[in-house]
Structure formats: structure tokens, C-alpha cells
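What follows draws every value from the coordinates through simple rules; no lab data is involved. Computed from a predicted structure; not experimentally measured. Every residue, glycine as well, gets a Cβ built from its backbone with ideal geometry; the counts of neighbours run over all protein chains shown.
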Amino acid sequence: MLTEYLFNTKKNQHFFCKVCGIRPFGVGNDTQIGKMYGINIGCLEGVTEEELSRIPIVYVDGINDRWQEAPRHCSHL
């Protein structure tokens with residue numbers, strides 16, 4: 001029951017469930033670092049905590065337009 005929501009430039013895709021409103025994933029088609037995917041790992045089924053712990057996470061400092069760098073503080077992310 002997914003629906004797509006586009007806003008602003010209408011280039012990046014945001015998907016929501018029509019029933020509960022959860023956002024399971026999104027696709028950034030027009031970002032400073034190229035195409036990127038955002039996935040709500042709480043929506044994944046059949047994935048162990050061990051498998052999740054091996055997923056690489058890349059932090060980018062988009063708030064300061066330093067897209068090739070990690071933010072100075074990211075423990076809250």
C-alpha cells in the first residue's frame with residue numbers, strides 16, 4: 001500500500017504506507033553525492049542483528065554543504 005510523495009524539485013522520491021504512514025525507504029535521485037537510498041531498517045524482515053551490524057554506514061555533512069565529509073559529531077545519528 002505504498003504511495004510516492006514528491007516535493008520541491010520533485011526529483012527525490014519519498015515512499016509512505018497509505019495505511020499507517022510509515023516511511024520504509026526513499027530514493028535520492030538528485031543529491032550532492034549522486035544517487036542514494038535511505039532505508040528504514042525497522043521495516044526489514046528476516047535480517048539478524050549480526051547482519052545489520054555489518055551494514056556500512058556513510059555519514060555526510062549536508063547541513064554545512066560538506067557532502068564529501070562526515071559531520072564532526074554523529075553519535076546522535
_Structure-based [θ]222 nm, the chain - -39500 (n - 2.57) summed over DSSP H runs of at least 4, per residue, nearest 500_ = -1000 deg cm²/dmol
*Taking every Cα atom in the chain, find the radius of gyration and the maximum pairwise distance Dmax, and write them in Å.*
14.5, 38
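For Cα pairs less than 8 Å apart in space and 6+ apart in sequence, what is the mean separation divided by the residue count of the chain, i.e. the relative contact order in percent?
After rounding, I find 16 percent.
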*Test item: Cα-centred dipole of the chain, Lys/Arg +1 and Asp/Glu -1 on Cβ, debye*: 320
*Taking the simple approach of a point 7 Å from Cα along Cα-to-Cβ for both ARG72 and VAL19, what is their distance in nm?*
4.6
_Give me a comma-separated list of calculated 3J(HN,Hα) values for segment 5-17, in order, Karplus coefficients 6.51, -1.76, 1.60 applied at θ = phi - 60°, integers in Hz, x for any Gly or Pro._
10, 10, 9, 6, 6, 6, 9, 9, 9, 10, 10, 10, 7
*Separation between the PHE7 and ASP65 pseudo-spin-labels, each 7 Å from Cα along Cα→Cβ, expressed in nm?*
2.2
